[in-house]
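Encoded as structure tokens, the structure appears first; notes follow it.
The values are calculated or read from the model by the stated rules, or taken from the named source; none is laboratory data. Note that the structure is predicted; figures quoted are calculated from it, not measured. Cβ sites come from the backbone with ideal geometry, for glycine too, and all protein chains shown count toward neighbours.
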Amino acid sequence: MADLRSFVFLDSLQPQLAAYLGTIAKGFLPVAGEASLIVEISPGIEINRVTDIAVKATDVRPGMQIVERLYGMLEIHSPSQGDVRQAGVAILEALKLKESDRIKPRVLSSQVIKHVDDLQVQLINRNRQGMMLIARESLFIMEVEPAGYAAFAANEAEKAAEINVVDVRMTGAFGRIYLGGEQRDIDVASVAAKNAIESLTGREASSSRKD
Amino acid sequence: MAGIDLRSYVFLDSLQPQHAAFLGTVAKGFLPTGGQASLFIEISPGIEINRITDIAVKATGIKPGMQIVERLYGLLEVHHDEQAEVRRAGEAILREIGCEESQRIKPEILSSTVIRHLDDRQTQLINRTRHGHMIVAGQSLYTLEVQPAANAALAANEAEKAAHIKVLEIVSFGSLGRVYLAGEDRDIDVAWPAAENAIRGLSGRAGK
């Protein structure tokens, strides 16, 4: 019996998040405006069965399927929200789960580094996969658990403000988002990201991390 | 040192923020920061670049960012907070190989293309191979090819000074240099003449 960790529906992939997924995804690449669903379960290996259900039940395209240390993650997308929602329903039915069985996400840490120095920018840029962070921009970093919700936070932040999507890590123990931009935009984006996470329902789950 | 062919001698007075961030992403050596002066030297045969780096680091306090030996040519990028220090490194290198700056190859633009309003699917292909910013669907793309390759660094730096563009990729070594810039049409239309003019403004001997 699989444990449902994340069940994240994105109504409309924003341009930069779509471009970012297009950079990191090993499967079919999504485009802006498509709907997307991210499902994260435990144990990870069970994600193979989840993908089987999604692609056979509907017309969705899988972008990422990742089996990592403990968890498994699947990203699917389609121009039709209906198809993506239907795939989610089929997945939940097969796993004998409900959407409310997902874990209620929580923000583990959130910080803004203002006016980032040239030297620090270089270290960030060597590890990111999205936009570059430019010296003297501000950097917003947020950690969220479970990891899949990082995509939702990034998508909502991109809707709200003119930021650069530097990195979005949506697999593993924690999700992490890195956004760069002018301070005025980061101030708006950081609130949007936090509100997005706090707006989601789910079951309470104890975290492996004690901050 | 006889037998060394000076291909590029490209002095950048002030690395622009995105260009510096880009070099910080691709460079394997010391990373430059915005506002520093930078010098790109390209020679043939490539293996001799080891000797060039030796001269530059022993003669001055510059930091080497990239040293690349590729199929035919060698590239060295050095940078420093002081323009004078970078210029002095350049002079020491030229003295060693018995050349003058004017003996570099006059760069030639091989292609210069604007593709407007990129489709989502095309942006994905570009984003998977670029090292700088991502291009987002609906933006325009500018590509420049220049020979010798190191001159691409100057074209990109001058374009970034002129317009509010995003630097996607700069390839400054190999047989051709390439610059990929993205942005709104209004910015791309300012950036590409700036890039072309920077290349046309350089003197040098005729290339082979």
*Which pairs have Cβ atoms under 6 Å, sit 6 or more apart or on different chains, and link a residue in the stretch B:180-196 that is of a type in the set (Phe, Trp, Tyr) to one that is surrounded by 18 or more Cβ atoms within 10 Å (Cβ to Cβ) and modelled with pLDDT of 95 or more?*
B:TYR180/B:LEU168; B:TYR180/B:GLU169; B:TRP192/B:TYR142
*Report, ordered by the first and then the second residue, all pairs with beta carbons closer than 6 Å, sequence separation of six or more or different chains, a first member in the stretch A:93-106 that is under 23 Å from A:GLU143 (Cβ atoms), and a second member that is of a type outside the set (Ser, Thr, Tyr) and in a helix (DSSP H, G or I).*
A:PRO105/A:ILE197
_Can you tell me which condition B:ARG71 does not meet? The list is (1) out of contact with any strand residue (DSSP E or B) (no Cβ under 9 Å at 6 or more places or on another chain); (2) within 14 Å of another protein chain (Cβ to nearest Cβ), and all the others hold._
(2)
_Flag if A:GLU93 is over 14 Å from the mean Cα position of the chain (by Cα), part of a helix (DSSP H, G or I) and among the acidic types (Asp, Glu)_ = yes
_Being away from chain B (no Cβ under 14 Å), more than 15 Å from the chain's Cα centre (by Cα) and acidic (Asp, Glu) is the requirement here; does A:ASP83 meet it?_
yes
*For the stretch B:82-93, does any single residue satisfy the condition of being away from chain A (no Cβ under 14 Å), in contact (Cβ under 8 Å) with a residue 40 or more places away in the chain, closer than 16 Å to B:ALA155 by Cα and charged (D, E, K, R)?*
no
*Which one of these is buried (at least 16 other Cβ atoms within 10 Å of the Cβ), over 18 Å from the mean Cα position of the chain (by Cα) and on the phi < 0 side of the Ramachandran plot: A:ILE47, A:ILE103, A:ILE124, A:ILE76?*
A:ILE124
*B:ALA137 versus (1) closer than 19 Å to A:GLN129 by Cβ; (2) in a strand (DSSP E or B): which is the lone unmet condition?*
(2)
_Which residue is farthest from A:MET170 (Cα to Cα), if the candidates are limited to the stretch A:116-147 and must be touching a residue at least 60 places away in the same chain (Cβ under 8 Å) and facing chain B (nearest Cβ under 7 Å)?_
A:MET131
*Would you call B:ALA56 touching a Ser or Thr at 6+ places or on another chain (Cβ under 7 Å), small (Gly, Ala, Ser) and at negative phi?*
no
*Take the residues of the stretch B:24-36 that are more than 24 Å from B:ARG71 (Cβ to Cβ), surrounded by fewer than 22 Cβ atoms within 10 Å (Cβ to Cβ) and in contact with a helix residue (DSSP H, G or I) (Cβ under 9 Å, 6 or more places away or on another chain): which is nearest to the other protein chains (Cβ to nearest Cβ)?*
B:THR33
*For A:ASN155, indicate whether it is over 20 Å from A:SER36 (Cβ atoms), in contact with a strand residue (DSSP E or B) (Cβ under 9 Å, 6 or more places away or on another chain) and assigned to a helix (DSSP H, G or I).*
no
*Condition broken by B:GLN124, with the remaining ones in (1) among the polar types (S, T, N, Q); (2) part of a helix (DSSP H, G or I); (3) in contact (Cβ under 8 Å) with a residue 60 or more places away in the chain satisfied*: (3)
